[in-house]
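One structure below.
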Amino acid sequence: MKEDPGFYDYWAYHNRPKIEWPNGAKVAFWVAPNIEFYELNPPDNPQRKPWPQAAPAVAGYSIRDYGNRVGHMRQMQVLDKYGVRGSISLSTALCEHHPEIIELCKERNWEFFSHGIYNTRYTYGMSEQQERDMIRDSMETIYKHTGQKCAGYLAPALSHSELTLDLFAEVGTELFGDEGGIYTCDLFHDDQPTPIHLRSGKKFVSIPYSLEMNDTIAYVVNKIEPRRYGQNIKDNFDRLYQEGADSGTIMCIPTHNYQVSCPHRLKAFEEALEYITGHDDVWVTTGREIAEYFLENYYDSALADIAKQSGGEI
Amino acid sequence: MSLDKTYLEYPERSYGMDHDRYDWSMLTDRKPVEWPNGNKLALWVNVGLQFFPLNQQGKPFKVPGGMTMPYPDLRHYSLRDYGNRVGIYRFLKAFDRFNITPTFALNSRLAERTPYLMDVLKERGNEILCHGEHMDALHYGGQDKAEEAAQIERALESLRTLSGQNVRGWISPAKSESASTPDLLAANGIEYFCDWVNDDMPYQFRTENGELTAMPLSTELEDFFVIQNNGHSEDSWVEQVCDACDFLLNEAKKQGGRILALNIHPWLLGQPHRIARLERALDYITSQDGVWSAGAGEILDCWKGQQ
């Protein structure tokens with residue numbers, strides 16, 4: 001085990017090279033719906049229990065199923081209304097279980113990125129080859145069902161190994177060259193993209209995907225009120241929009257159809273989306289588009305600036 | 001280091017669900033439902049009338065809302081009992097004031113212990129459904145099937161006798177089930193149950209003994225979940241209920257009848273400082289056009305008649 005995962009160097013949030021998003025936007029705004037499949041009877045993992053009680057875990061399983069049966073369509077209609085294409089963090093077995101949902105998202109040109117096979121299969125305890133196989137399966141499944149060359153990764157249930165990012169990037173290159181496996185959502189250290197060190201030396205970037213704005217963190221962990229969640233989103237946006245005048249920032253709202261789409265919660269989310277998309281200088285985009293834009297335009301200058309800071313230059 | 005190879009095998013990875021209890025179906029793909037008299041939103045007010053035994057065994061877990069202190073936990077025992085002595089009568093007044101047709105979900109042990117309350121409920125004639133034996137009589141994965149079968153038979157026989165109703169509906173204590181619970185419920189003449197929270201409308205659920213209907217009783221919006229589990233204010237609960245009412249009414253106008261299910265507990269909302277919040281929520285909902293307050297079985301029958 002390491003003291004520091006070693007993915008990135010310290011890089012102060014001031015005096016960074018200025019990022020300018022397309023059309024002078026201050027904030028690159030993206031919504032990442034997690035579309036997940038949890039199994040009723042998953043196999044045991046040595047380090048993490050999928051459910052708190054012996055099967056059947058009716059409460060946990062059924063509310064997640066609610067997200068697919070009821071919630072998905074509601075959230076999709078709200079995103080349509082505000083011109084947002086979702087960047088889906090996908091349990092890729094959902095392509096087999098619920099192809100109707102995949103089809104609806106394809107029609108809308110939403111992005112699909114890998115969130116593993118099932119959200120009840122954890123990376124913990126896997127050999128390097130097993131994790132590589134699981135990641136490859138997930139990326140191939142996305143390609144087979146959507147034709148998309150998977151660009152991003154959020155490890156299933158945020159279960160990682162030390163090699164997760166390396167493996168994802170390597171499998172992406174094997175399958176799709178430079179178009180596959182270019183960004184991760186697994187790190188929460190910044191409000192701007194960060195170049196990531198990989199053993200392959202591949203150009204790869206961390207795109208901010210916020211835990212603080214994540215509906216499940218808000219509702220299940222922090223247990224906040226729907227209106228307060230809506231207000232937090234607006235406040236988060238206001239500051240990133242203000243700072244984005246100096247250098248472009250990223251705001252992400254990660255959602256779950258079983259949380260945000262409940263009848264007593266959707267209004268607060270919709271009001272927040274209306275507020276954000278009502279501003280002029282917002283680039284409403286997807287995870288892949290942000291990653292590609294950064295890699296193309298700012299990756300090299302970011303690396304040079306980080307190297308300068310690491311050498312002690314202020 | 002590696003996991004057993006079965007960890008990367010996915011035997012249920014195919015179309016639909018990963019079990020055969022019910023079919024995969026998106027709500028928007030179903031035939032729109034119409035409620036009586038052109039109404040859009042069925043209001044199902046479900047009142048949990050519960051008995052939390054002082055000598056709680058906590059097998060296999062301590063029921064949420066139950067005893068937490070060393071025996072005898074008089075604090076929680078008596079505060080829960082408050083609901084059945086005091087809170088429920090505040091509820092009944094509120095229901096009559098706003099013309100609500102409630103449904104009462106009773107632990108059979110409570111029905112046995114409080115004949116006066118049973119007479120009051122029988123006199124009103126509202127539907128009574130079974131909420132298991134008592135709050136410490138949990139159904140759970142790995143439970144002995146014969147033991148569970150006897151538990152369900154006892155609860156239903158007792159409640160059917162004491163209520164004079166045939167008792168069609170069921171909510172497991174803590175909505176906790178074993179793998180056999182739906183099969184046992186169907187074998188005992190139950191028509192609908194409310195433990196699965198995966199839909200906003202009823203749907204058919206397979207058992208070894210014929211089909212049940214799963215009725216949508218939201219946990220996320222219930223008083224205990226919002227106020228006790230999440231620690232939200234009473235005013236926030238009202239706001240959330242009103243937002244849900246607005247949302248579902250609006251959706252019903254486009255997609256057909258919806259159900260607003262409020263699961264509430266007199267030991268919680270029946271307190272003097274909270275009852276006005278329940279009244280405010282009921283006032284708001286019943287003042288909307290297109291709301292039909294009905295018992296769970298009535299809503300079920302109306303839905304079933306259109307399938």
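The values are calculated or read from the model by the stated rules, or taken from the named source; none is laboratory data. For clarity, every value in this text was computed on a predicted model and none was experimentally measured. Glycine also receives a Cβ, built like all others from the backbone with ideal geometry; neighbour counts cover every protein chain displayed. Side chains are part of the model used for accessible areas, which takes the heavy atoms of the whole protein and leaves out ligands, DNA and RNA. Shrake-Rupley method; radii C 1.70, N 1.55, O 1.52, S 1.80 Å.
The conditions are (1) away from chain A (no Cβ under 11 Å); (2) within 16 Å of the chain's Cα centre (by Cα); (3) hydrophobic (A, V, I, L, M, F, W, C), and B:I259 fails exactly one of them. Which is it?
(1)
What pairs come up if the first residue lies in the stretch B:91-117 and is more than 13 Å from B:H265 (Cα to Cα), the second is open to solvent by less than 10 Å² (accessible area, probe 1.4 Å) and not in a helix (DSSP H, G or I), and their beta carbons are under 6 Å apart, counting only those six or more places apart or on different chains?
Listed by first residue and then by second, the contacts come to B:F95/B:P102; B:I100/B:V45; B:T101/B:A294; B:T101/B:G295; B:L110/B:L49.
Provide a single number: the residues in the stretch A:23-36 that are open to solvent by 30 Å² or more (accessible area, probe 1.4 Å) and not small (G, A, S). Talk me through it step by step, then tell me what you get.
Looking only at the stretch A:23-36, we keep the residues that are open to solvent by 30 Å² or more (accessible area, probe 1.4 Å), and these are A:23-24, A:26.
Then drop every residue that is not not small (G, A, S), which leaves A:23, A:26.
Residues that pass the stated criteria total 2.
Before we move on, is B:T101 among the β-branched types (V, I, T) and within 18 Å of B:R168 (Cα to Cα)?
For B:T101, the condition - among the β-branched types (V, I, T) and within 18 Å of B:R168 (Cα to Cα) - is met.
Using the structure shown, decide if B:A137 is away from chain A (no Cβ under 14 Å) and surrounded by fewer than 20 Cβ atoms within 10 Å (Cβ to Cβ).
Values: away from chain A (no Cβ under 14 Å): yes; surrounded by fewer than 20 Cβ atoms within 10 Å (Cβ to Cβ): no.
No: the conditions fail for B:A137.
Regarding A:R48, is this residue touching a Lys or Arg at 6+ places or on another chain (Cβ under 9 Å) and more than 18 Å from A:D215 (Cβ to Cβ)? Steps first, answer last, please.
Details: touching a Lys or Arg at 6+ places or on another chain (Cβ under 9 Å): no; more than 18 Å from A:D215 (Cβ to Cβ): yes.
Spelling it out, it is not the case that A:R48 is touching a Lys or Arg at 6+ places or on another chain (Cβ under 9 Å) and more than 18 Å from A:D215 (Cβ to Cβ).
State whether the residues of the stretch B:229-237 include one that is closer than 22 Å to B:E127 by Cβ and under 21 Å from the mean Cα position of the chain (by Cα). Steps first, answer last, please.
Applying the first criterion (closer than 22 Å to B:E127 by Cβ) to the stretch B:229-237 yields none.
No, there is no match, as no residue in the stretch B:229-237 is closer than 22 Å to B:E127 by Cβ and under 21 Å from the mean Cα position of the chain (by Cα).
Given (1) more than 16 Å from the chain's Cα centre (by Cα); (2) closer than 29 Å to A:Y143 by Cβ, identify the lone condition not met by A:F269.
A:F269 satisfies all of (1) more than 16 Å from the chain's Cα centre (by Cα); (2) closer than 29 Å to A:Y143 by Cβ except (2).
Evaluate the following for A:Y124: is it at pLDDT 95 or above, more than 15 Å from A:C150 (Cβ to Cβ) and more than 9 Å from chain B (Cβ to nearest Cβ)? Explain how you work it out, then say what you get.
Values: at pLDDT 95 or above: yes; more than 15 Å from A:C150 (Cβ to Cβ): yes; more than 9 Å from chain B (Cβ to nearest Cβ): no.
Spelling it out, it is not the case that A:Y124 is at pLDDT 95 or above, more than 15 Å from A:C150 (Cβ to Cβ) and more than 9 Å from chain B (Cβ to nearest Cβ).
For the stretch B:220-255: of the residues being more than 7 Å from chain A (Cβ to nearest Cβ) and in a loop (DSSP other than H, G, I, E, B), which is most open to solvent (accessible area, probe 1.4 Å)?
B:S233
Select the helices (runs of 4 or more DSSP H) contained entirely in the stretch A:201-299, then report the ones holding at least 3 residues which are open to solvent by less than 10 Å² (accessible area, probe 1.4 Å) and within 14 Å of chain B (Cβ to nearest Cβ).
A:226-243, A:266-277
Name every residue in the stretch A:46-81 that is outside any helix (DSSP H, G or I), at the interface with another protein chain (Cβ under 7 Å from one of its Cβ atoms) and open to solvent by less than 30 Å² (accessible area, probe 1.4 Å), in order of residue number. Break it down into steps so the answer makes sense when it comes.
Step one: filter the stretch A:46-81 for residues outside any helix (DSSP H, G or I), giving A:46-57.
Next, only the ones that are at the interface with another protein chain (Cβ under 7 Å from one of its Cβ atoms) stay: A:53-56.
Hit for the stretch A:46-81 is A:P56, nothing else.
If you take the residues in the stretch A:14-45 that are under 30 Å from A:A245 (Cβ atoms) and charged (D, E, K, R), which one is nearest to the other protein chains (Cβ to nearest Cβ)? Explain how you work it out, then say what you get.
The initial filter retains those residues of the stretch A:14-45 that are under 30 Å from A:A245 (Cβ atoms), namely A:14-33.
Those still in the list that are charged (D, E, K, R) too: A:16, A:18, A:20, A:26.
Numbers: A:R16: 39, A:K18: 41, A:E20: 39, A:K26: 31 Å.
So, considering only residues that are under 30 Å from A:A245 (Cβ atoms) and charged (D, E, K, R), the one nearest to the other protein chains (Cβ to nearest Cβ) is A:K26.
Against the condition in contact (Cβ under 8 Å) with a residue 40 or more places away in the chain and closer than 24 Å to B:L217 by Cβ, how does B:I88 come out, does it pass?
Values: in contact (Cβ under 8 Å) with a residue 40 or more places away in the chain: yes; closer than 24 Å to B:L217 by Cβ: yes.
Yes; evaluated as a whole, the condition is true for this residue.
Let me confirm something: among A:K106, A:K149, which residue is more than 13 Å from chain B (Cβ to nearest Cβ), open to solvent by 20 Å² or more (accessible area, probe 1.4 Å) and touching an Asp or Glu at 6+ places or on another chain (Cβ under 8 Å)? Please lay out each step first, then the result.
Numbers: A:K106 fails: touching an Asp or Glu at 6+ places or on another chain (Cβ under 8 Å).
Residue meeting the stated conditions: A:K149.
I need the full set of residues from the stretch B:146-159 which are surrounded by 14 or more Cβ atoms within 10 Å (Cβ to Cβ) and more than 18 Å from the chain's Cα centre (by Cα), in order please. Walk me through it before giving the result.
Our first condition is that a residue be surrounded by 14 or more Cβ atoms within 10 Å (Cβ to Cβ); within the stretch B:146-159, this holds for B:148-149, B:151-152, B:154-156, B:158-159.
Passing the criteria: B:E148, B:A149, B:Q151, B:R154, B:S158.
If you go through the stretch B:1-29 one residue at a time, how many are small (G, A, S) and in contact (Cβ under 8 Å) with a residue 12 or more places away in the chain? Talk me through it step by step, then tell me what you get.
Restricting attention to the stretch B:1-29, the residues satisfying the condition of being small (G, A, S) are B:2, B:14, B:16, B:25.
Within this subset, residues satisfying the condition of being in contact (Cβ under 8 Å) with a residue 12 or more places away in the chain are B:25.
Of the residues in the stretch B:1-29, 1 are small (G, A, S) and in contact (Cβ under 8 Å) with a residue 12 or more places away in the chain.
From (1) open to solvent by less than 30 Å² (accessible area, probe 1.4 Å); (2) in contact (Cβ under 8 Å) with a residue 24 or more places away in the chain, pick out the condition that doesn't hold for B:R274.
It is condition (1) that B:R274 fails.
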